[in-house]
Structure formats: structure tokens, C-alpha cells
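S.K.: Sharing a structure here in C-alpha cells format.
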Amino acid sequence: MKLQFILKSDINGFLDTLSVDNNIFYLTKDLAYKIFSKNETPETLNIDVIRSSSPIKMFLFTHNEEASASELDAASQKPNIIFGVKSCDLNAIKVLDNVFLSGVVVDPFYERNRQNTLLFGSDCPDPQHMCFCSFIGDGKPYPDKDQKQTYDLNFSTIEEGYIVETGSEAGEKIMEQALAFFKDPSDEQLGQRTAMREQSFKKLDEVNKNYAKIKNADFHNLTKTKFLSESWKDYCKTCVQCTGCNNICPSCYCFYLNEQSKEGHELFEKLRLWDACHYTTHGRTAGGGNSRPKVYERFRNRYQCKLNYRKENFDLYGCTGCGRCFVVSPCKIDIRNVINELMK
């Protein structure tokens, strides 16, 4: 791990240098990823916001992806650099890596996308009302190698610039090749980073003061022991099964394959599309049976998957505290409220 400092006024030049060999997507103040161009200004490149509105998996496990040998063998594009990835999304990538890369069979499409992507993380200095990363799984509002997170570089905002930390050999190589943009940080600058991070934790405690009792609770044991609770029927009363929570979640990985005719071809094309456990068809079998025919059963399954099953299978929680699910929910079903109720 190496620590360096770069001026905000030099970020544009640094990224412009990297854009020769890479496609760069950076996080904007609108919580979207935008393709970088050399005309960007330091003011535009403001990554001091929370995680993106869209899940990070859209770069690695894409919806409506053609799953064919010809597609896999197609000429590879320039690598992607995702600039501004937050800690909650890096934790989600750990889940996806375990599912698609560590099983009996490696998913070749995810593997291709993963190997073709560089991750530039960034601290989250100003958590908002939906954020609760520090309340689950020892999460932190900044990337941390102690959590075995995968990132190549991480940018921590301080006065006039960023403290940049390497997280991989690829990150160290990038820093060495662009050494002219960097210099050693001073003790004062490192102190600014520490103070900023401490303030982030305080902000998270403040916005989650109504959920203090769930902080670092044993969610695994809680959901496991509450599986047969009648309360699930009450929790889901306002759920309309829109599946927004599934699709916006950065660590949901269910998918199905669909074959359809391809225009101008005699053969069919096979597409991989995101699936959701809230769909009635998700648990349906070929014989017409359904393991989860009722709304509350599908609602419960999502929480069991996030907090129980994945913890047992991967020793990782499927929820990373990003808060996307209840922001997108038309019913505003807050996972923190559900956990609060389960703990009664």
C-alpha cells in the first residue's frame, strides 16, 4: 500500500492521461456515472457524494447481456475505469465475486468484465439519510483493505486535493506511470483524512439515531430464528412487488436466460436478464409448483437471502447499507425498520 497526494487541479490531467488506454466513468453530483472527456473541469469531477443511484453491478453483470460463445470471443474493448466507487459498492462486488468467480464453475462473462475493469474508490465524507454502511458487517464509509475489499486506487478528499491510496498491483503501476502528478502527503494532510473519516462515522450515527440498536447486530441469527415469525405478513402489507429493491441492489445476482430469434439470422440468440425473487415466477418449477406462492414468502426470502443465506454460504452479508432499496421503493419499505421490528 502506498499513499500519495494529488492536487484537485491535476485530476483532470491525470485522468486525461489514463483515458488514452481506458474508458473512464466518473461519479457526478447527480449520483450517476458519466463518461470522462478531457474538457472536464476539477469542479465537475466532484466525487464527494454518496454512492451512485444505479448499482455498480451494471458494469460487471449487465442486464440483457447476450450469452453466447461468439459474444465472449468478440474483440475486447478498452478497459473501463470506474472512478468514485464507494465502500458499500466494493462490499457488494465481494459478494458478486464469490458467486461468479469462486464456485464450481466460473462465469465467463462476469470474469471477462471483471478483468476488464479498474476500480477507483473514494471516501464518503457526507453520508445521507439512507446510508447505514457502518451499521452492518463492520462496514466503513471509506474503502479499507482490512475488509479485503478490491480496489486499485482510492481517493480521499482533503483541502486542495486527494490522498490517494493504492490497493492493488495495477494501482501501484498506474501511480508509478503517472508519478509526475503525485507527491508524498504531509502529516497534516494525513491528519485531515483521519478527521474527515471520523466525521463520516459521526454523521452515520446521527442519521441512524433511530436505529441505534441494530448497529452491528447479529443479523444472521436474527433472521434465521425469525424465519417462521408471523410478522413477515405485516411487514409486507404495502409491498407491491415492483422488484425495484432487487434490481437496484448492488449485490443481487439472480438471472434467467431467454432465447429469441435474432433479426437477419437463422439461429436464436440467448440473453441473460436480471431476475428478482419478488416475482411470482421466481420460485416456480417446471411442473407448476411454487415454493414461494405468497407475497410475504417472497418478501421474507429477500431478507433471508441478504442476511441469513449469504452469511452462511460466503460469510458475507448481502446487504451493504447503501440504502438504494428503500429510496427506490414506491412503498418506502425501509430495511432498517424491518430489522428494528424483528428485534422486538
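S.K.: Looking at the stretch 301-312, I want the residues that are within 13 Å of residue 252 (Cβ to Cβ) and have a partner that is aromatic (Phe, Trp, Tyr) and not in a helix (DSSP H, G or I) with Cβ atoms under 7 Å, at least 6 apart or on another chain. Which pairs are those?
M.R.: 306/317; 310/317
S.K.: Among all residue pairs at least 6 apart or on different chains, which show Cβ distances below 6 Å where the first residue, located in the stretch 196-220, is in contact (Cβ under 8 Å) with a residue 24 or more places away in the chain and over 24 Å from residue 160 (Cβ atoms) and the second is of a type in the set (Val, Ile, Thr) and buried (at least 18 other Cβ atoms within 10 Å of the Cβ)?
M.R.: As it stands, the answer is 214/339, since those pairs meet every condition given.
S.K.: What helices (runs of 4 or more DSSP H) lie completely within the stretch 200-248 and have 2 or more residues being within 24 Å of the chain's Cα centre (by Cα)?
M.R.: Numbers: elements: 219-225, 231-235, 244-248.
Helices (runs of 4 or more DSSP H) meeting the threshold: 219-225, 244-248.
S.K.: Okay, moving on. Which pairs do you get when a residue that is closer than 12 Å to residue 66 by Cα, found in the stretch 259-271, comes within reach of a residue that is in a loop (DSSP other than H, G, I, E, B) and modelled with pLDDT of 80 or more, reach meaning Cβ atoms under 9 angstrom, with the pair 6+ apart or on two chains?
M.R.: 269/67; 270/67; 271/64; 271/67
S.K.: Restricting to the stretch 97-115, what's the tally of residues that are polar (S, T, N, Q), surrounded by 13 or more Cβ atoms within 10 Å (Cβ to Cβ) and farther than 22 Å from residue 78 by Cα? Steps first, please.
M.R.: So in the stretch 97-115, the residues polar (S, T, N, Q) come out as 98, 102, 113, 115.
Those still in the list that are surrounded by 13 or more Cβ atoms within 10 Å (Cβ to Cβ) too: 98, 113.
Then drop every residue that is not farther than 22 Å from residue 78 by Cα, which leaves 98.
The total comes to 1.
S.K.: Under 7 Å by Cβ, and 6 or more places apart or on different chains, what pairs join a residue from the stretch 131-143 that is in contact (Cβ under 8 Å) with a residue 24 or more places away in the chain with one that is among the acidic types (Asp, Glu)?
M.R.: 141/123; 142/123
S.K.: Same structure again: Residues 126, 89, 152, 138: which one is buried (at least 20 other Cβ atoms within 10 Å of the Cβ), of a type in the set (D, E, K, R) and under 25 Å from residue 204 (Cβ atoms)? Can you show your working first?
M.R.: Values: 126 fails: buried (at least 20 other Cβ atoms within 10 Å of the Cβ); 152 fails: under 25 Å from residue 204 (Cβ atoms); 138 fails: buried (at least 20 other Cβ atoms within 10 Å of the Cβ).
When all the criteria are applied, what remains is 89.
S.K.: Turning to a different aspect of this structure: Is it true that residue 21 is surrounded by fewer than 19 Cβ atoms within 10 Å (Cβ to Cβ), of a type outside the set (Val, Ile, Thr) and closer than 18 Å to residue 126 by Cβ?
M.R.: Details: surrounded by fewer than 19 Cβ atoms within 10 Å (Cβ to Cβ): yes; of a type outside the set (Val, Ile, Thr): yes; closer than 18 Å to residue 126 by Cβ: no.
Judged against the criteria, residue 21 is not a match.
S.K.: Can you tell me which residue among 155, 132 is assigned by TED's automatic domain parsing to the domain that holds residue 89 and within 24 Å of residue 248 (Cα to Cα)? Don't jump to the end; show me each part of the working.
M.R.: Values: 155 fails: within 24 Å of residue 248 (Cα to Cα).
From the options 155, 132, the qualifying one is 132.
S.K.: Under 8 Å between Cβ atoms, which residue pairs at least 6 apart in sequence (or on different chains) link something in the stretch 321-333 that is over 17 Å from residue 86 (Cα atoms) with a partner that is basic (Lys, Arg) and assigned to a loop (DSSP other than H, G, I, E, B)?
M.R.: 326/332
S.K.: Determine which single condition residue 28 fails, assuming it passes every other condition in (1) within 23 Å of the chain's Cα centre (by Cα); (2) touching a residue at least 24 places away in the same chain (Cβ under 8 Å).
M.R.: (2)
The values are calculated or read from the model by the stated rules, or taken from the named source; none is laboratory data. Only a predicted model underlies this, so the values are computations on that prediction, with no experimental measurement involved. As a convention, Cβ positions derive from the backbone with ideal geometry for all residues, glycine included, and neighbour counts pool all protein chains shown.
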